[in-house]
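The numbers here are math on the coordinates, done by the rules we state, and not lab data. Treat the numbers as computed from the prediction; the structure is a model and nothing was measured. Glycine also receives a Cβ, built like all others from the backbone with ideal geometry; neighbour counts cover every protein chain displayed.
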Amino acid sequence: MYRGRLERDLSLWVGKGLLAKDTAGALLAEYDSRPASFSLGRVLMALAAVLLAAAILLVVASNWEDIPRLVRVGAILLLIWAVHIGAALMLARGATAVANGLLVIGAMSFGGAISLVGQMYHLSGDEQTVMYLWFAIAAISAILFRSGAVVVVAGFLSWASFSVYLQNNDTHWIGLDPWMAPVMAVVVIALVRYTGVERARHLAYLLLIGWLAWLYTLYEEIAVALAFAIGGMAAFVLTALPLPRIASLVRSAGAAPAFYSFLVAAIGFLLLHIEIEDDWRRLAVLGVATLAASVLAIALHGRDNGAVRYLAYAIFAAEMLYLASVTVGSILGTSSLFLFSGLVVALVAWLVIRLERRFSANVRGEHA
């Protein structure tokens, strides 16, 4: 898809005399020489690795009652060593897809080995400890082999660990275990920066947001919702500050920090609307604050961050319609409310078009 757009743009620039035909051909050839971001073979290899790992876990779960204990332990250890040695050999040959598939099998086999030993020797412990150990082993494997595929496995294991905690503790906060979810999210982000598998960072950010949403369910107080809104906006503004260290970190992390911090703020604003829906004065103030936050988001990151821009558009439009429905709608009636809502949507569309044109004009001015 991107190659098609690039080819059309290059042809357009060549037609306008902005770019030489030979240069355009060289640029397109350089892009074609890059390794593809999507490969059906890699996807199928990853799926095969997951299926084989699932088969190993199911075999372990069957408990192998007719096989001696030492043979069972030896077999699973031999498998772990074999897949990791095989992965090292494949990496040396440049076969990264096969190597990553073997590493996925190895990471999943560690979980099977832990469960197998626990079954055979009736070791004391719980599922939570197993998940922590499994996650730690996957993280170590990702570091040793610098494998993005194992980072993805670690990301899903962090989610699985948090789910096990919620299930075993009936979603209550008990001890220090709840803090492990954000700790594992930070570890996954660090692994992402180390291995360069950018898309895996979303697993960590979504885990943090899920953890914050769970915190709200524990208390369901307006103070928690307010903390989400203020904290999210503070983190969002921080991503836009021209501080050298922060700016370099934000640039290296792409659009994710700004988008997810603004998403946390948006969740906070939504929860505040729910908390004070019967207080019209505070609701009006909150509505103005929500609209102001949307405008601020567009001003700070609207030009360069499409995810933030469209989220801000959606929040702005939804807030305008909501305020219209709870204020003007109660006075005008249903038919007039639809008319007024249409006018509001038209106004929002006009503002969006003006902003998009300004962003485009700014980009052209910088490249002039």
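List of remarks:
- FRET efficiency, F156 to A20 (Cβ-Cβ, R0 56 Å, nearest 0.05): 0.70
- Maximal additional length on extending the D278-L226 stretch stands at 17.0 nm, based on 0.36 nm per residue less the C-alpha distance.
- Footprinting exposure proxy for L283, L144 (fewest neighbouring C-beta atoms within 10 Å first): L144, L283
- Karplus-derived HN-Hα couplings along the stretch 171-180 (A = 6.51, B = -1.76, C = 1.60, θ = phi - 60°), whole Hz, x at Gly and Pro: 6, 8, 7, 9, x, 9, 4, x, 6, 5
- Cα-projected label distance for A314 with L89, points at 7 Å along beta-carbon direction, nm: 4.9 nm
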